[in-house]
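First the structure, in the form of structure tokens, and then the observations on it.
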Amino acid sequence: MTTQLPSTEQIRHAWETVAPGFDDFVSPLTMTLGETVLDRLDAGQGTSLLDVGAGSGALAIPAARRGADVLAVDLAPTMIERLAVRARDLPNLRARVMDGEHLDLADDSFDVAASINGVTLFPDAGAGIAEMVRVTKPGGRVVLVCFAYGVEHAEWVRFFFAAVRTAVPDAPLPPADPPPLPFQLADPQRLQTKLVDAGLTDVSVEVVSWDVEVRSAAHYWDVVTASNPIATQIVAQLSAGQQADVRQVLNGMLRERSDGAPGAVLRSPMNIAIGRRP
Ligand SMILES: C[S@@+](CC[C@H](N)C(=O)[O-])C[C@H]1O[C@@H](n2cnc3c(N)ncnc32)[C@H](O)[C@@H]1O
């Protein structure tokens, strides 16, 4: 598997391809994380909130339901279309296709600029963070949420990688060093330093657990392979027989986790980093 960084167009294409699966399966599971983030922000009526790399609305929709005036932006048009469908009863939520590395927005516009697993997986996360800082009002907050501690701690990802490695030992898994982009800011200290270096003050990083219940190996396989570009890329290189072997290993792993039951709760530590624009 190549470690070459993808271009913006390649990233757009990758997320376009999985957007329907992401919307169907992952956004409903991530809404709880969106609520957890919002509980820390007091972002209700009167708050203007930008969600960068919004997907189909795991943060933007609960924020709008709490009364915030929300702009959700994403590189992938299908994500934005899906988000708009989910938000059709929310007049205080607007959604636009936009590159988070080059926000087409004025300086000092938002009380809160937030991103869950969005900006932190850009190849140039620093550029995305700088843009979030630029469009945040002085005194406003910038919020970044991403996996904490590394792949080995994130069961949502680790179960899939481990099953592939067990069933197909020579499968093309992403290298551990450098880590896959979703884990580039997994170290809480590194994430904090990144926000301080971006000019923010009062930076805090809290680690919370994102718990996802999967009903069975088949359900977990369907969710992961339909919604994630890295998983899609791995699966595309496996034969049908190898894919069946991975599902069988997953079945064993989940049952072992839950005393023989087919499903399990997968727990992943997540960083919630919040800084204030001076
Ligand atoms: C893992 S998904 C997270 C979506 C959403 N924040 C959530 O938590 O459900 C990453 C999202 O970032 C978007 N994305 C990737 N690169 C982007 C960029 N340069 N500008 C804006 N969005 C981007 C993708 O299209 C995708 O919707």
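Only the coordinates and a few stated rules stand behind these numbers; no lab work does. Remember, it's a predicted structure, so these values are computed and weren't measured experimentally. So basically every Cβ, Gly included, is an ideal-geometry build from the backbone, and we count neighbours across all protein chains shown.
Could you tell me the distance between the Cα centroids of the range 71-118 and the range 133-181, to the nearest Å? If we compute the Cα centre of each part, the gap is 22 Å. Sorting Asp89, Asp211 from the fewest to the most surrounding beta carbons within 10 angstrom yields Asp89, Asp211.
Computed from the alpha carbon atoms alone, the convex hull of the chain holds 117 Å³ per residue. Sparse packing (at most 11 other Cβ atoms within 10 Å of the Cβ) combined with a DSSP loop state is found for none of the chymotrypsin sites (Phe, Trp or Tyr not before Pro) in the range 1-57.
Normalised Debye scattering of the range 135-278 at q = 0.21 Å⁻¹ gives log10 I(q)/I(0) of -1.22, counting only Cα atoms as equal scatterers and leaving out solvent.
Were the residues from His153 through Val207 laid out at 0.36 nm apart, the gain over their Cα-Cα distance would be 18.2 nm.
Look at Leu38, Leu59, Leu105, Leu83 and count the other Cβ atoms within 10 Å of each Cβ; fewest to most, that gives Leu105, Leu38, Leu83, Leu59. Pull out a ≥ b ≥ c, the square roots of the eigenvalues of the alpha-carbon gyration tensor of the range 1-159, then state rounded if a/c is under 1.5, prolate if not and a/b is larger than b/c, and oblate in the remaining case. Since a/c stays below 1.5, the shape of the range 1-159 is classed as rounded.
Note on the range 95-198: Cα-Cα pairs beyond 20 Å make up 45% of the total pair count.
Taking 0.36 nm per residue of separation and subtracting the Cα-Cα distance, full extension of the segment from Arg190 to Arg276 would add 29.2 nm. For the range 80-114, the residues whose amide N sits under 13 Å from a probe point set 7 Å from the Cα of Ala130 along the beta carbon direction are 101-103. A simple spin-label model places pseudo-atoms 7 Å from Cα toward Cβ; at Asp89 and Ala176 they are separated by 4.8 nm. Suppose we flag trypsin sites (Lys or Arg not before Pro) only when DSSP calls them loop and at most 16 other Cβ atoms lie within 10 Å. Which is the longest uninterrupted stretch of the chain? Free of exposed loop sites, the longest segment is 89-214. Contact order, relative form, for the range 73-182: 22 percent (alpha carbon pairs under 8 Å, 6 or more residues apart, mean separation divided by residue count).
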